[in-house]
1. So which of 400, 371 ends up being out of contact with any helix residue (DSSP H, G or I) (no Cβ under 7 Å at 6 or more places or on another chain) and buried (at least 16 other Cβ atoms within 10 Å of the Cβ)?
2. When you go through 367, 354, 336 one by one, which is the residue that is assigned to a helix (DSSP H, G or I) and in contact with a strand residue (DSSP E or B) (Cβ under 7 Å, 6 or more places away or on another chain)?
3. Take residue 629 and decide whether it is surrounded by 24 or more Cβ atoms within 10 Å (Cβ to Cβ) and within 20 Å of residue 33 (Cβ to Cβ).
4. Can you name every residue in the range 450-478 that is within 17 Å of residue 201 (Cα to Cα) and touching a residue at least 24 places away in the same chain (Cβ under 8 Å)?
5. Could we say that residue 559 is over 23 Å from the mean Cα position of the chain (by Cα), in a helix (DSSP H, G or I) and modelled with pLDDT of 95 or more here?
6. Mind checking whether some residue in the range 695-703 is surrounded by 20 or more Cβ atoms within 10 Å (Cβ to Cβ) and in a loop (DSSP other than H, G, I, E, B)?
7. How many residues are in a helix (DSSP H, G or I) and under 20 Å from residue 641 (Cα atoms) when one looks only at the range 44-74?
8. Tally time: how many residues in the range 318-340 are surrounded by 20 or more Cβ atoms within 10 Å (Cβ to Cβ) and closer than 17 Å to residue 415 by Cβ?
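The values are calculated or read from the model by the stated rules, or taken from the named source; none is laboratory data. This is a predicted model, so every value here is computed, not measured. Neighbour counts run over all protein chains shown; Cβ positions are idealised from the backbone, glycine included.
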């Protein structure tokens, strides 16, 4: 019989050797239980043909292995990951043995894909020493299939037109560490080693902009951008230009359009009537969608507006599928802003009155800065017969909001009083007017009057990361990883570039960071806890330590490198901490304790200030959870094996340590409702200076006639407000019908996959 020849990666041909497949699969399966080399080979059922490419044979083995990942055989996820890793090393290095780090750096600088400045920061001897940190690249074997797929498709530096790859995962991690700590002197080798260890062992999770760009000539790594428009054409145009600039940098946007006057309002002498807010939202939508990432994903934004805006009835339906295109603006998300007075009107059976912001002087600013003044002005304007207004029963307003939120899944909420009173800033000096794309950022902003506004215009950026709670076994462990996260992100602020001067000025003045949480579900499961009252005490203990060590790290950094310029606009600068400003109703859930030395920290803050005006933000964490073999952020998993739809196909993801914890996980659709989850979020929010991207999730099967009662949704909304909640993100409904689809989330099938890469949020 004539031998079949196969084509190697080099283009050379050689006789097919089945033993090579055996050897690779045996290596990939070693030390893993419940996996079989023969099972993979049988599933692959390789159909050889003359001069078949070896890379296609390898891809078929990966695909076949991934198809074997189930609840009963989860370890195939590690086999598939190892096969991808083997393939990557062949592509990048021409062999399975990586090059020395100095050779990789020189090669990639010559190729134009690494920042040449790295060789100005480090000598060849230092790079050789850093090379020893990588420990023979063996940590690449710790990835799961989903993690390695995301790593190779999104994060590894590559030429996306011809598929050329320039690095492997451990090189990515060490290069990020070298880039971030390149300006450190004396102790930088210590921090490079420790940060590399933290990120490569998944204790710290990094967002998409940092993972994909930090070490390349790209120097824009902030995940979230917060900007607002004033009520003028100049400001609206400047906002649109800024949108385009940041969309092109892959950032997710929060846009405040609440100041823009309502339809029919006077312009100038009143000879022209204003077209209202909706045409300008269409204008912003065009700007948001004008740039795309690689021609695959469009930009993403959430627009914020006060619930009392005169056009509320038209604005609340902007995303639904009824109505004409002229009355809908469907390709952005929207958030309505509430405060205490709105909830009081609901509970007392009162009405909510709607105004055009330009008709009620002082009301818009008071909405964020002074709740007592807002109520005084609001009731005054309700009585003023000359002012244009209309009103609806508060119950009807809340019902409209919740109905659209349920039907679209993408109408969000912000409680602006909580965002300000329990925020990091002095409300009257630096009020919070909005949040971001994914509803976890609370930073000051001020409308631009021109694109190059050098006066009051302020665009806020937040640079993100997260701590993997699932790997923390004692609260004291937070100290090390919180310090590393704060130092790394703070250094990044000085390293990156700023395409808009208003963003640079704001960032340098305030130096905001947002460190979040991933793997909370695993954290609970391995302690035998669920998303209910039994978990509250434990969550409180760990959240307190996590928050304390983040603030302490920034306070220590302020002593070392100086506080932020706007230190006295923060509550921290006055010795006021998140534990001082939270809603005291939270004490009904957990008796207040102070386990950490807060008193000493107050004194330090009063004396030396804070380096970073914000430290915490709990973002969604889709991709980073997969990279880190973690459950998604703070969310309960939908299934023990869930599936993420991406442009590369469907990827199975297994919850951590499923063999031992299979019966311990509190799965989302098994829960009776979101109340337990909301209480845990309330405990965490107590210690957070920004916000939490909080979802509400309902399984209609838990209710009569498979319908979620409005009364239940209202109750949960009031509960969320009662305990100090700031922002609500998605409304998730278990509305899929087939058995296979039951493990998949709504986000996996709708346009959410277009959004995940922008906010890590969003893609942390």
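1. Values: 371 fails: out of contact with any helix residue (DSSP H, G or I) (no Cβ under 7 Å at 6 or more places or on another chain).
None of the others qualify; the one that does is 400.
2. Details: 354 fails: assigned to a helix (DSSP H, G or I); 336 fails: assigned to a helix (DSSP H, G or I).
Answer to the check: 367.
3. Working: surrounded by 24 or more Cβ atoms within 10 Å (Cβ to Cβ): yes; within 20 Å of residue 33 (Cβ to Cβ): yes.
So residue 629 passes the test.
4. If the condition is that a residue be within 17 Å of residue 201 (Cα to Cα) and touching a residue at least 24 places away in the same chain (Cβ under 8 Å), then 465, 466, 467, 468, 469, 470, 471, 472, 478 are the ones that fit.
5. The answer is yes for residue 559.
6. As a first pass, look at the range 695-703 and keep what is surrounded by 20 or more Cβ atoms within 10 Å (Cβ to Cβ): 695-698.
Retained after the next criterion (residues that are in a loop (DSSP other than H, G, I, E, B)): none.
For the range 695-703, residues surrounded by 20 or more Cβ atoms within 10 Å (Cβ to Cβ) and in a loop (DSSP other than H, G, I, E, B): absent.
7. The first filter runs over the range 44-74 and keeps only residues in a helix (DSSP H, G or I), leaving 44, 54-66.
Next, from what is left, pick out any that are under 20 Å from residue 641 (Cα atoms): 62-66.
Of the residues in the range 44-74, 5 are in a helix (DSSP H, G or I) and under 20 Å from residue 641 (Cα atoms).
8. Of the residues in that region, 6 qualify.
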